[in-house]
Amino acid sequence: MSERKIGFVFGADYYPEHWPKSRWVKDVELMSELGFNAVRLAEFSWSKIEPREGEYNFEWLDEIINLLAKKGVRAIIGTPTASPPPWIIKKHPDVLRVDPDGRRSPEGTRRSYCPNNPNYIAYTKKIVRAMALHYKDNPNVIGWQIDNEFGIDFCYCNNCVKAFRKWLKNRYGTLEKLNNSGGFIFWSQEYGDWDEIFPPKPPLHMQNPTLCLDWHRFMNDSWIKYQQIQVDLIRKIAPHHVITHNFMGLYKELDYFQLAKPLDIISFDYYPKWGSSVDYARCAMAHDVMRSLKKKPYWIMELQSGAVKIDRAPIPQPNEIRLWTLQSVARGADGILYFRWRTCRFGAEEYWHGILDHDGVPRRRFREVKEISEELKKIVPHIDGTTVKSEIAFALVYDNVWAWDLEVVRAGNNYYGLSSWEPALGFYRILYSRNLPADFVDPVKEDLSHYKIIFAPSLMLMNKLIEEKLRMYVRNGGVLIATPRTGAKDWNNVIVDLTLPGGLSDVFGVNVEEYTGVPEGGEVFVEMNKSIFGCGTVGRGRNWAELLSPKEAEVLAQYKMGMYAGKPAATINSYGGGLAIYIGVFPDATFYSTLVDWLIKEKGVKPVLPPTRGLEAVERTGSAKRVVFALNHSNKMIRVALEKEYCEILSGETVKDELKIDGLDVKVLKPLE
């Protein structure tokens, strides 16, 4: 890992190869006017760098890097492997992925290649090695972005089929163990030879669930292995360079903990506005996931600076780019690069707008970025060495996410009528409204002890390691919250033969007596226990209802209607020094609000600023440093009560008692202590 200290990175994603050289000087001058100190270059320029096999052309890239350096702008170079040049496809058409119907991916686009293709791996090594050798001693190169926005991108080519069989053999050892672990006796699918195994094809609900999950795991490992090839090459040649990859927030088809592990820093492509409104709670959750992957600050590698390519795409309102920038910084970003510098006149992203429009004329968005630049100069000294710290966490197991999404029935609908993020997002929205950030943790590999509350949303897929870590967490004083289907399946995606919640029944002190789906449009009403919460709040559950049978647990809420009327819907159990809460429905905001407010009072978790409609408040802390960001996402002025006295960093004014924030405005506060 590189220990190089970079400082705050500020700039844009720049594609000089799309524009005549006569424009480059003007671009660099404008970037200098904005106070940029970095750009990302070259991640889609393989055909420009290597126009013919083995013939490298770095002159144009050297020239622009030198021009930028004269104005204090350094380069993050993208390895260009996301988009193979036509000459590779012509010579080796087998590098293109194969879909379930045996068709090759189309030429002329990006992310079309197979990560297990030996020819493509060989070309990848050659281009990455050549670029790393050429730029290893260039002082104007900060580091590297590996490829671009890795996705699961399933491939059914012969290379993948053979590699999948080998992966299964390494995992299970024997066919007998494979057959028994996955229940392949069903529908007479027991294997007698490894070569009899083929990847599952849609419709997946008619395939073996174990094989489906293992196929996803295999493809996940394939992409992580492909990234590692590039990481290893650059580490060997240029160990002083920073290495990153641009992740996609709540994208869930790859294990982002694994993908993040070998990188120096995480980068996040953040596009909040896809319609007339922005779901800021979901956006904040994406930021918290990104920060959590390495539990340290990250970069925004692509921040929306114009309308995206959708029908009737709305342009960012005045001050929205500023709001998105400072929201990113507030939640832990130590770098901001806007996508893109100038809107391209051609290609598949001709309507993916940048800071400058197609004509390259600086206008409102340019002026807004300039204002942001001036404000960051005031903010950055106060946040150096800080990050966001949380007392609340979510257990995030990507294998469980994949297994949840495989719970499909007819017409492609999930068995529970919910996407895999929804059980977490319902709880997160309440935390967000209370100005409480959250970490996302791998419950097996991370220390859970410093969190006061951990939410384990529908952790259906379970193994002994996860069970024991969660059990110890509660025993040692933590509060664990679980929702329907917890512990329902083993690590092979096979339903357990234990009474739910399975191996954690003793921790929760409850059994699931039976369960039922709640048909579309239906809901169940649940009443909170007045003796615990001080009021008999009635919340609602959707899609699913479990009849709970407490053993040691106390009833937290009960059903108000239907066949489960008067029966437990949620329970709370004292286990060791902690509490284990089991919720048998997917609750609404009323239920979660009551629960969260009670929990944070019981555990002494305090929001950085009082909850206020439209307000997002986040604190970054470090040794002897504390900075509070207060963002108003509404179009109207809000007033926030203050318990402390602050210096507002952007204006230099002292504020106390009450903070006024105009619509789409931000205040950055330093406590006066």
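The values are calculated or read from the model by the stated rules, or taken from the named source; none is laboratory data. Being a predicted model, the structure only gives us computed values, none of them experimental. Quick reminder, even Gly has a Cβ in these numbers, built from the backbone with ideal geometry, and neighbours come from all protein chains shown. With ligands, DNA and RNA removed, areas are computed over all heavy atoms of the protein, side chains included. Shrake-Rupley method; radii C 1.70, N 1.55, O 1.52, S 1.80 Å.
Quick rundown of the values:
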| item | result |
| --- | --- |
| Signed unit charges on C-beta, dipole axis of the chain, positive-most listed residue 278, 591, 321 | 321 |
| Mean Cβ neighbour count within 10 Å, used as a protection proxy, ranking 188-198, 42-52, 453-463, 389-399 highest first | 453-463, 389-399, 42-52, 188-198 |
| Aspartates and glutamates with Cα under 15 Å of residue 70, excluding same-chain neighbours fewer than 8 positions away | 27, 29, 33, 62 |
| Mean residue ellipticity (222 nm) of the chain, computed from DSSP H runs ≥ 4 via -39,500 (n - 2.57), nearest 500 | -9500 deg cm²/dmol |
| Accessible surface, per residue, of the chain when the full set of protein chains is kept, probe 1.4 Å, Å² | 40 Å² |
| Per-pair calculated FRET efficiency, R0 = 45 Å: residue 621 and residue 516 via Cβ, rounded to 0.05 | 0.45 |
| The chain, relative contact order in percent, only Cα pairs under 8 angstrom and at least six apart counted | 10 percent |
| Using a Förster distance of 60 Å, the FRET efficiency for residue 551-residue 130 (Cβ separation, nearest 0.05) | 0.40 |
| Backbone N within region 498-518 under 13 Å of label point (7 Å from residue 598 Cα along the Cβ vector) | none |
| Percent of beta bridges antiparallel (DSSP, region 1-128, rounded to nearest 5) | 30 percent |
| Nitroxide proxy distance, nm - points 7 Å out along Cα→Cβ at residue 378 and residue 109 | 4.6 nm |
| Potential lengthening between residue 295 and residue 409 on full extension [0.36 nm per residue; Cα-Cα distance subtracted] | 37.3 nm |
| Sites residue 63 and residue 367, calculated FRET efficiency, Cβ-Cβ separation with R0 22 Å, nearest 0.05 | 0.15 |
| When each of 125/201; 252/295; 606/636 is checked by Cα-Cα distance, pairs over 21 Å | 125/201; 606/636 |
| Highest average packing first - 316-322, 217-223, Cβ atoms within 10 Å | 217-223, 316-322 |
| Cα centre as origin, Lys/Arg/Asp/Glu Cβ charges: region 606-659 dipole, Debye | 180 debye |
| Sulfur and carbon atoms: percent of accessible area, the chain [1.4 Å] | 50 percent |
| Lys, Arg +1 and Asp, Glu -1 on Cβ, resulting dipole of region 11-112 about Cα centre, debye, nearest 20 | 100 debye |
| Region 572-673, dipole about Cα centre (Lys/Arg Cβ +1, Asp/Glu Cβ -1), debye to the nearest 20 | 160 debye |
| Per-peptide average of other Cβ atoms within 10 Å, ordering 634-642, 431-439, 31-39 highest first | 431-439, 31-39, 634-642 |
| Length added when fully stretched, residue 497-residue 589, from 0.36 nm per residue minus Cα-Cα | 29.8 nm |
